[in-house]
Amino acid sequence: MAAPNAQSQPSATTKIPRRVLTAVMNSVAAGVTPRTGIEHLSVGRKAEIGAILSDLDNVGDGGASFRMVSGPFGSGKSFLLQLARNYALERNYVVMDADLSPERRLTGTQGQGLATYRELARNMSTKTSPDGGAMATILEKWISSVQADVMRHTGISASDVQFPKAVETRIIETVNNMQGLVHGFDFAQVIATYWHGTVEQDESKKSASLRWLRGEYSTKTEARDALGTVRVMIDDDDWYDYLKLLATFVRTIGYRGLIILLDEAVNLYKISHTQARLANYEKLLTVINDCLQGRAQGLGIIVGATPQTVEDTRRGLFSYDALRTRLQESRFATQAGVRDSSGTVIRLDPLAFEEVFVLLQRLRFLHASYYCYAERVTDEQLKRFMEETLSRLGADRFTTPREIIRDFISILNLVHQNIALDFDQLVNGSSYAPSVALGSTEDAPADEDTLGADGAPAATPEASIHRSVGDSASSDSSPKNKFTKFTL
């Protein structure tokens, strides 16, 4: 096996801000994806990243895209979504992201769909406001740009009595273009109310407009009392229509488009009530159809899910025929044993050995930079760590990056904190037990859909996959032999 490219290793002169280092180290130690500094951990995934960047270009040209990222727990789904978020922000997109949960779904009888919209609105981000809460910033920036444009093209100064009217004319021209869309009239009214609040220096109007845009009103009466002419409010049934409106709006005011990231779609799979689960699948089908058929503009959506969530034909997305036909991998790709990066579903394969090696090098550098010491773990020790980990797992490849990252950081912490401890002593000692990737047997509750004939939970495809990894210890294939071709 070829050696990793030396140029892919982090440079000793690389200077990373302390704030970023702290976020990265705290995140990887806990097994979660960092929200900042993620580029310092990015290895491999060239085809997947290329597909996402292609989607961003399509959205930027006024089109729409939908992708589902499928992989086991810890395989890098959230990492890829976060990477897509950073790429989108750098390219002047507005990004909204949320994790689905029992309280946040696509639809539900207790407002779970609206709860998802509220979380998306709370996490709305731009390049200049990457930490969320960017709704007000977007509106203020737009109004300022309209004011500057009016002064530049009309010669009217900001102190002129005609200036507010000229600016309002431009704003009305912008929002009027949206009135032909579903709910476009009321959306335009809310934007106009925000402008009036700006002119009149009425913070209550601005606040009421932002509350409406964030979906915070509980009743139509409450929304009408606060905004006057607005007849509707964002609710559980139509929140997705307002995402399409927002996509059109942000493109109109100068952004390239709107990117929506929804992680933890396994929570849709976990819904025990069949009809409630199917209602969410129907909502997802609507979203996919809009994006693939061109009914949405300037909108890109990426969803993170486990293979079981997607491919389980009893209760997963494949149990809904209309979704299965849209998400199923091409039989030609399956027969050839290759991945089709143009497909709707991006299926994550395990990282190659060289990629895991480079990842460990980067973690070694980040750890040393964070704790301000000279790197002591050698490349040869990294290789032995990988060999020993695979040998004790009884596997011939790393199924997920998360567990090896946490184990490696834990060992680095112990060696750094205890001078008497030796890296090789910990890795080669009889007590070293690598973490095992979390299976998906807990994905679905044991309800009427998952019970076997004897009343016990039925075996799941992904659970079988994880068992086969553990059973492979008795295989003739030796992990250490696998590394005889791995040269440094």
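Values in this text are rule-based calculations from the coordinates and carry no lab data. Bear in mind that the values here come from a model prediction, so they are computed numbers and not experimental data. We place every Cβ from the backbone using ideal geometry, glycine too, and count neighbours over all the protein chains shown.
Across the range 17-133 the C-alpha pair distances fall into 5 Å bins from zero in the proportions 2, 10, 17, 20, 23, 17, 8, 3, 0, 0 percent. Counting other Cβ atoms within 10 Å as a rough exposure proxy, the listed residues Met68, Met178 run Met178, Met68 from fewest neighbours to most. For the range 135-227, the mean projected area of the C-alpha convex hull, equal to one quarter of the hull surface, is 6.2 nm².
Peptides 382-388, 418-424 ranked from most to least packed by the mean count of surrounding Cβ atoms within 10 Å: 382-388, 418-424. If the chain linking Gln179 and Gln381 were pulled fully straight, counting 0.36 nm for each residue of separation and taking away their Cα-Cα distance, it would gain 66.3 nm. Given +1 at the Cβ of Lys and Arg, -1 at the Cβ of Asp and Glu and no other charges, the dipole of the range 135-227 around its Cα centre is 160 debye to the nearest 20. Spin-label pair Gln417-Thr128: with each label point 7 Å from Cα along the Cα-Cβ axis, the two points sit 4.3 nm from one another. A simple spin-label model places pseudo-atoms 7 Å from Cα toward Cβ; at Ala336 and Thr221 they are separated by 6.3 nm.
Sorted by mean Cβ packing within 10 Å, highest first, what order do the peptides 46-52, 111-117, 320-326 take?
Descending mean neighbour count gives 111-117, 46-52, 320-326.
May I ask you to give the average projected area over all directions of the convex hull of the Cα atoms of the range 296-417, in nm² rounded to one decimal? Mean projected area for the range 296-417: 11.8 nm², to one decimal. Net length available on complete extension from Thr274 to Ser207 is 20.1 nm, with 0.36 nm assigned per residue and the Cα-Cα distance removed.
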